[in-house]
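Asker: Below is a structure I'd like to ask you about.
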Amino acid sequence: MIQKIKIGWFLAIRQVRRANKWTTILIISVMVLTFLNLVVVSGILVGLIEGSVQAQKDYYTGDFIISKLDKKDYIEKTTEIIDTIKSMPEVADYAVRYNEGGVAEVNYKTKTKDTDEESTSATIAGIDPIAEDRLTNISDFIVEGSYLLPDDYDKVLVGSFFLWKYTPIESPGFTSLRNVYPGSKIRLTVSGVTREFTVKGILKSKVDDVSAKIFMVDKQFRQIVGREDKNADDIAIRLVAGASPTLFKEALKRAGIDKYARLQTFEDAQPKILKDIKATFALLGNAIGSIGLAVASITIFIVIFINAITRRKFIGIMKGIGIDGKVIEISYIFQSMFYALCGSGIGITIVFLILVPFFKANPINFPFSDGILVATLSGTFARAGLLMLATLIAGYIPARMIVRKNTLDAILGR
Amino acid sequence: MIKTKNLIKTFIDGEKETHVLKGIDFEAKEGEFIAIMGRSGAGKSTLLYQISLLDEPTSGEIIIDGVDVHNMSVDQKTSFRLNRLGYVFQDYALLPDLTALENVALPLLMQGKNKVDAYNEATLSLEKVNLGHRINNLPSQLSGGEQQRVSISRAIAHKPKILFADEPTANLDNASSATVMEIFKDLNNQGQTIIMVTHEEMYAKIADRLIRLDDGRIVT
């Protein structure tokens, strides 16, 4: 068998070397495009959601988030928990947040009988502006006005979700606020306390936890809601490079923090719907990729079939002089492998050296996420293997069909 | 060396039957040079294909080198052709992607020889037909006569028991044809058994024995 493989290789090398250059380039191009179809389509679909997931992590949860237990109003013993996490070497940074439901009103000074004041329910959040910005770069999302400073009392950042200018939706139960801009006045009612604020800036992000909140300085927030014990609603944590969120979670559990707060890695904190959509899109991507694979297989089948049928006479001659038919079949398998290997190799290079960095630097601007291209090494090589297998089969079948024809008929062209 | 007994070959095309060989009793001894002649449609090439195991007779016996080939499997026949028979076709039948050397070496490689030995033997074989200087040329770079000589070289490189030639000079000019026939005569003088189909009387005279076929039977 080894001898047959060697001679099959011998024949294949020579056939590929002396084949028409442009035909070879065309076939390899088809392989490259098929490979990219396999990887990029599902990669973009998954990346659409992965972009959302990544944004959630980068701009809200961090690597780890500690939040209040169910049926609790806040994280008990927040100060002790902060002392604990500050002492842990895995922690690179953290940000403490306070949240309460409230009502935001505008146009209350200029309302007349014929015009209503505008009001909407909103989550009011208290943040340490410096810590929050250090952890999540929230100031990057300011689209109008400027970011909060630690001493900015009676000033708020309003998420674009609430504003007609950015969210022009009219539906029952939801009001978009009009005429809100840096410098305008907004009245917030939270924990029964009503107070007027000046809009310092407008935030627009694809992460709802940023765009769908109104932010003020934490010190003022605590005064308003009476949270003098400094017990927070959530603490977002960024871990040092290489630290495992799962192991960090275990360490916190060992410290007993799970008795007072919910401990979640960024993956735990992902909404289930995101996970479901990710899985669905991966499936969809694979289905679409399969169509491309089928097309490539048919292409290789046709190429090898035409090659073999035009060389039918020479195949007959080889069999006539005593060359085993299997050797000839093996030579066509090697040729198919050559096309698949070249296509996959070029495809892998394009994916990892060009496309992945490109999409990382220039994500696709979807309304709800920045779409990136998700391509893992193992997944990509698995797809290359799939392409190879499909190509091998597509090359073997026509070769076998032609090789099995009667030897003399082939020699004489009958 | 070769013996056939009541060899019959009939082609069936739908309901039409064409009886090409109608009971051929044929014998070739070792070292003989036999020419097979006959008018077009007499069955000369068909007879050659049967006794060279390129085709399957409808009925009859074929014994080559003491072996009854009738019940051989396809793989066994392929191996038999590779190791004991050599072929020279009318239109040279060289593989266009291989050089002259590679064309000649291919059957040797198939026999299990390593590349170095196969190439050495192929080179010697090409030198025997005076093509030692053209070993790295592709068939497209060779003249018709040179291609036929490469074909002969390939056919004899593995020292076959019998060399079959189907109208080897049909596509050659007179000079090349004469060269090819000289090579065949030399090979036969060295003991090579040759069975050749030809239209040309003057080349048939070079053979030791002439067999004439007419209407599927041996007439002389």
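Asker: How shielded is A:319-330 by partner chains, expressed as the average number of their Cβ atoms within 10 Å of its Cβ atoms?
Answerer: Mean shielding by partner chains, rounded to a whole number: 6.
Asker: Calculate one ³J(HN,Hα) per residue across segment A:306-312 by plugging θ = phi - 60° into the Karplus curve 6.51 cos²θ - 1.76 cosθ + 1.60, and present them in order as whole Hz with x for glycine and proline.
Answerer: 5, 4, 5, 6, 6, 9, 4
Asker: Residues of segment B:75-109 with amide nitrogen under 13 Å from the 7 Å Cα-to-Cβ point of B:Ala170?
Answerer: B:88-93
Asker: Please determine, in degrees from 0 to 90 and to the nearest 10, the orientation of helix B:100-110 with respect to the longest principal axis defined by the Cα atoms of chain B, where the helix direction is its Cα long axis.
Answerer: Relative to chain B, helix B:100-110 is tipped by roughly 60 degrees.
Asker: Which value in Å does the Kirkwood hydrodynamic radius of the protein assembly as shown take, with 1/r averaged over all unlike C-alpha pairs and then inverted?
Answerer: Every distinct Cα pair counted, the radius reaches 31.7 Å.
Asker: Sticking with this one: Output needed for segment B:2-218: three equivalent-ellipsoid semi-axes, defined as square roots of 5 times the C-alpha gyration tensor eigenvalues, in descending order, whole Å. If you can, show how the numbers build up before the last one.
Answerer: Working: eigenvalues 167, 79, 51 Å².
Result for segment B:2-218: semi-axes of 29, 20, 16 Å.
Asker: Next question. Separation between the A:Asn365 and A:Ile13 pseudo-spin-labels, each 7 Å from Cα along Cα→Cβ, expressed in nm?
Answerer: Roughly 5.4 nm, to one decimal.
Asker: Check which residues have an amide H placed less than 5 Å from A:Ala232's amide H, if you skip close sequence neighbours.
Answerer: Here the answer is A:Ile75, A:Thr78, since their amide H atoms fall under 5 Å of that of A:Ala232.
Asker: Quote the Stokes-Einstein diffusion coefficient, in whole µm² s⁻¹, for segment A:188-328, based on the Kirkwood radius over alpha carbon pairs, a temperature of 4 °C and a viscosity of 1.567 mPa s.
Answerer: Details: Rh = 23.0 Å.
Estimated via Stokes-Einstein, D reaches 56 µm²/s.
Asker: Let me ask another. Rounded to the nearest 500 deg cm²/dmol, what is the calculated helix-only ellipticity per residue at 222 nm for chain A, with -39500 (n - 2.57) per DSSP H run of length n ≥ 4? Numbers along the way, then the final one.
Answerer: Details: 14 runs with 199 residues, N = 414.
Taken over chain A, the calculation gives -15500 deg cm²/dmol.
Asker: I need the trypsin sites (Lys or Arg not before Pro) found in segment A:205-298, filtered to DSSP loop residues with at most 16 other beta carbons within 10 Å of theirs. All intermediate terms of the calculation are to be shown ahead of the outcome.
Answerer: Numbers: sites: A:Lys206, A:Lys213, A:Lys219, A:Arg222, A:Arg227, A:Lys230, A:Arg238, A:Lys249, A:Lys253, A:Arg254, A:Lys259, A:Arg262, A:Lys272, A:Lys275, A:Lys278; in loops: A:Lys206, A:Arg227, A:Lys230.
Passing both the DSSP loop test and the Cβ count: A:Lys230.
Asker: Can you tell me the FRET efficiency between A:Ala241 and A:Ser29 if r is taken as the Cβ-Cβ distance and R0 is 35 Å, rounded to the nearest 0.05?
Answerer: Rounded to the nearest 0.05, the efficiency is 0.30.
Asker: Could you work out how far helix B:144-157 tilts from the main Cα principal axis of chain B, as a 0 to 90 degree angle to the nearest 10?
Answerer: Orientation of helix B:144-157: about 80 degrees from the principal axis.
Asker: So, one more: On C-alpha positions alone, give me the angle between the axis of helix A:245-254 and the longest principal axis of chain A, in degrees, nearest 10.
Answerer: Rounded to the nearest ten degrees, it is 50.
Asker: What is the Å³ per residue value for the convex hull set by the Cα atoms of segment A:63-265?
Answerer: Working: hull volume 26.1 nm³, N = 203.
Considering the Cα atoms of segment A:63-265, their hull volume per residue is 128 Å³.
Asker: Give the calculated FRET efficiency between A:Ala212 and A:Leu283 to the nearest 0.05, with a Förster radius of 22 Å applied to their Cβ-Cβ distance.
Answerer: It comes out at approximately 0.15.
Asker: Here is a follow-up. What is the spin-label model distance, in nm, from A:Asp258 to B:Asn6 if the labels are put 7 Å beyond Cα along the C-beta direction?
Answerer: About 9.3 nm, to one decimal.
Asker: Using the charge dipole of segment A:63-265 (Lys, Arg: +1 at Cβ; Asp, Glu: -1 at Cβ; taken about the Cα centre), state which of A:Gly159, A:Ser119, A:Phe221 has its Cα farthest towards the positive end.
Answerer: It is A:Ser119.
Asker: Only four residue types carry charge here, +1 at the Cβ of Lys and Arg and -1 at the Cβ of Asp and Glu. Report the dipole size of the protein assembly as shown about the Cα centre in Debye, rounded to the nearest 20.
Answerer: The dipole of the protein assembly as shown has a size of about 980 debye.
Asker: On to the next question. What residues from segment A:64-104 fall in the zone where the backbone N is under 20 Å from a label point 7 Å along the Cα-to-C-beta line of A:Asn137?
Answerer: A:64-65, A:92-96
Asker: Between B:Lys161 and A:Phe358, what FRET efficiency follows from the Cβ-Cβ distance if R0 is 51 Å, with the result rounded to 0.05?
Answerer: Efficiency at R0 = 51 Å is approximately 0.15.
Asker: Per residue of segment B:190-205, in order, report the coupling 6.51 cos²θ - 1.76 cosθ + 1.60 (Karplus, θ = phi - 60°) as ³J(HN,Hα) in whole Hz, putting x for Gly and Pro.
Answerer: Residue by residue, segment B:190-205 yields 8, x, 6, 7, 10, 10, 10, 9, 8, 9, 8, 4, 5, 7, 5, 5 Hz.
Asker: Taking the Cα centre of segment A:63-265 as the origin and placing charges on Cβ (Lys, Arg +1; Asp, Glu -1), which of A:Ala261, A:Val240, A:Pro150 is farthest toward the positive end of the dipole?
Answerer: It is A:Ala261.
Asker: Within the set A:Lys109/A:Lys204; A:Lys204/A:Lys249; A:Lys155/A:Lys259, which residue pairs have Cα atoms separated by over 29 Å? Mind dumping the intermediate values first?
Answerer: Details: A:Lys109/A:Lys204 26 Å; A:Lys204/A:Lys249 31 Å; A:Lys155/A:Lys259 36 Å.
In this structure, A:Lys204/A:Lys249; A:Lys155/A:Lys259 lie more than 29 Å apart at Cα.
Here, each number is a calculation from the coordinates, and none is a lab measurement. Everything quoted here is computed from the prediction, not taken from an experiment. Don't worry about glycine lacking a Cβ; one is built from the backbone with ideal geometry, like all the others, and counts go over all protein chains shown.
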